[in-house]
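Throughout, read-outs are computed from the coordinates displayed, never taken from laboratory work. None of these values were measured; they are calculated from a predicted model. With ideal geometry, Cβ positions are generated from the backbone for all residues, glycine too; neighbour counts draw on all protein chains shown.
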Amino acid sequence: MVRYSSMKRFLSPFLIATLVGGIFYLPLLPERITWQNQGADGGDFLAAILTQGVPHPSGYPLYLVLGAVFQSFPVHTPYWRGALLSALCMAMAAGLLALWVEKVVFKAKPWAGAVGVFSAFLWLSTRLVWSQALIVEVHGLHALVVMIWVWWISALMGETLLSIKTLCLLGGMAGLGVGNHLSIVWLLPLVLWAGIGYGRRTSWRFVFLQAICFGSGLLIYGILPLRAQAYPPVNWGGASDWQGFLWLVTGKIYQGMLFNVDGEQFLSRLSAFADLWLKDFSVLGVLLALGGVLIAYPTRVGKILLWIFLAFASFSLGYAAEDSQVYLIPAWMALSMATGIGLMEIKNWKWKTFPVGWVLISLFLFWVVWCIPATLREVDVRYKGDAADFAERTLQSLPSNAVIVTIRDQDTFPLWYYHFGLKQRPDVRIVVLPLTPFAWYRQSLQKAYPDLHYPSTDSGGEWGEKLLALNSDRAICQTKVDLHPSIIIAYECQGN
């Protein structure tokens with residue numbers, strides 16, 4: 001009975017915050033694919049999951065495995081099931097965040113559990129986090145992985161006492177987490193710092209054991225060449241050989257985008273970053289977060305929070321991608337936890353007998369709750385199936401045996417989802433023109449569509465155009481994509 005009570009007290013912040021996340025997210029999951037909330041990659045992920053394929057770099061093997069598990073649930077549509085994975089992972093990340101604040105930051109002091117739950121509530125109710133919890137994307141799982149790494153790092157530093165078996169479990173899960181999104185490597189300096197301290201306090205044999213557990217998790221990447229060997233229709237990189245595997249898992253196609261923004265772009269992004277921070281946290285929340293960082297900085301916990309914020313904020317600001325803001329989600333975690341530290345600090349503020357601190361806390365809580373309806377309207381995508389409308393309308397209207405030529409993610413991925421994943425219009429042939437210079441994509445096309453006429457592999461940079469010319473007996477339909485101010489895609493057909 002005592003053991004049950006102790007476990008209940010230990011888990012209560014996790015369970016409460018996870019439940020709140022579920023209540024926020026599950027009723028809002030969409031049934032149809034959407035471009036909204038920066039969700040253009042959803043079609044690629046779903047097409048790969050449904051065909052046992054390999055999505056764009058870095059391959060995301062952990063996401064593929066969990067995505068396949070969720071697709072086995074006999075409920076709703078494939079897109080809803082994929083969004084369910086995002087929602088549950090984001091809610092569980094909020095639970096681990098609440099528990100970390102209570103047990104690690106405040107060492108289970110009075111009010112620590114309430115502050116932990118409120119920090120999680122603040123984080124999961126922000127526009128940035130909420131928007132990614134409702135779509136098919138990797139960022140919900142990434143948030144969960146970040147919190148697993150934070151717990152692992154904290155335990156290695158001695159901020160929380162865990163058994164060797166639990167540490168090994170966390171180390172293995174941290175390794176598995178690399179199989180979701182490579183940006184988790186920004187936490188490696190913290191791991192090295194924590195590992196050195198752990199070795200000095202205990203034994204370097206235990207550090208070696210942690211390295212083995214972590215490395216065993218990395219074996220998740222082995223599923224990518226196994227899938228690639230079957231030549232699925234979505235098979236980025238052709239990872240069945242070593243060269244293709246390295247191209248895929250290192251994200252070589254995106255490496256040139258790292259910290260590749262000019263001064264004007266950086267200032268514009270910095271302004272957008274500040275605006276989003278104010279919208280999601282308010283002026284009072286920003287001040288509380290800054291105060292919390294200053295209060296906590298002398299401690300190891302404070303340095304963990306500061307590193308998470310600076311590392312992921314820098315990555316987001318310097319990564320030259322249209323959706324770079326979503327990489328702020330771990331930074332928002334750190335800010336939410338720092339806000340909790342600030343709240344704990346001001347709760348006893350008084351002016352004479354007037355409880356200034358509790359008034360400020362009440363005002364901030366009121367503001368967070370007040371913003372929820374507006375945030376909900378902004379992030380709700382249940383009735384914004386624009387990508388689904390495009391794919392359904394296009395596939396229904398294409399001539400028989402047509403070749404449709406796509407040029408961007410926004411036109412390609414919804415069509416892949418419907419054509420490969422849902423097996424609609426099997427007579428249509430989809431050719432992604434910007435991918436035709438890659439040998440792996442040309443091989444994928446020939447495996448997926450053996451009935452087309454293909455040019456020789458030494459046709460040079462005009463291979464895609466020659467492919468279309470060789471198949472001029474079919475209707476050739478070309479898409480045109482306009483992304484601003486909203487996504488509009490049209491197509492025009494020539495020939496039969």
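Within the straight-line cut-off of under 20 Å between alpha carbons, the lysines reachable from K447 are K423, K466, sequence neighbours fewer than 8 places apart in one chain being disregarded. Peptide packing for 103-110, 485-492, 122-129, 90-97 was compared via the average number of neighbouring C-beta atoms within 10 Å per residue; ordered from the highest value, the list is 90-97, 122-129, 103-110, 485-492.
Each Cα pair under 8 Å and six or more residues apart adds its sequence gap; the mean of these over the residue count of region 63-118 is a relative contact order of 24 percent. Neighbour counts of other Cβ atoms within 10 Å put V379, V369 in the fewest-to-most order V369, V379. When each of F214, F245, F266, F45 is scored by the number of other beta-carbon atoms lying within 10 Å, the sequence from fewest to most is F266, F245, F214, F45.
Using a Förster distance of 22 angstrom, determine the FRET efficiency expected from the C-beta separation of R201 and K109, and round it to 0.05. So the FRET efficiency works out to roughly 0.35.
For region 324-430, trypsin sites (Lys or Arg not before Pro) are listed when DSSP marks them as loop and at most 11 other Cβ atoms sit within 10 Å of their Cβ; the list is K350, K352, K423.
Only bridges whose two residues both fall in the chain count here: according to DSSP, what percent of them are antiparallel, nearest 5?
Details: 8 of 16 bridges.
Given both bridge residues lie in the chain, the antiparallel proportion sits at roughly 50 percent.
On full extension of the chain, what length is gained from K447 through E378, given 0.36 nm per residue of separation minus the C-alpha to C-alpha distance?
20.6 nm
Taking a straight Cα-Cα cut-off under 26 Å and skipping sequence neighbours fewer than 8 places away in the same chain, the lysines within cross-link reach of K350 are K107, K109.
A straight Cα-to-Cα reach below 20 Å connects K103 with the lysines K8, K165, K303, K347, residues fewer than 8 places away in its own chain not being considered. Taking a ≥ b ≥ c as the square roots of the eigenvalues of the Cα gyration tensor, region 411-451 is classed as oblate, since a/c reaches at least 1.5 and a/b does not exceed b/c.
Ordered by the number of other Cβ atoms lying within 10 Å of each residue's own Cβ, fewest first, T394, T202 fall into the sequence T202, T394.
Length gained on full extension, L226 to K480, computed as 0.36 nm times the residue gap minus the Cα-Cα distance: 87.9 nm.
The stretch between L162 and Q265 holds 32.6 nm of extra length on full extension. This uses 0.36 nm per residue minus the Cα-Cα distance.
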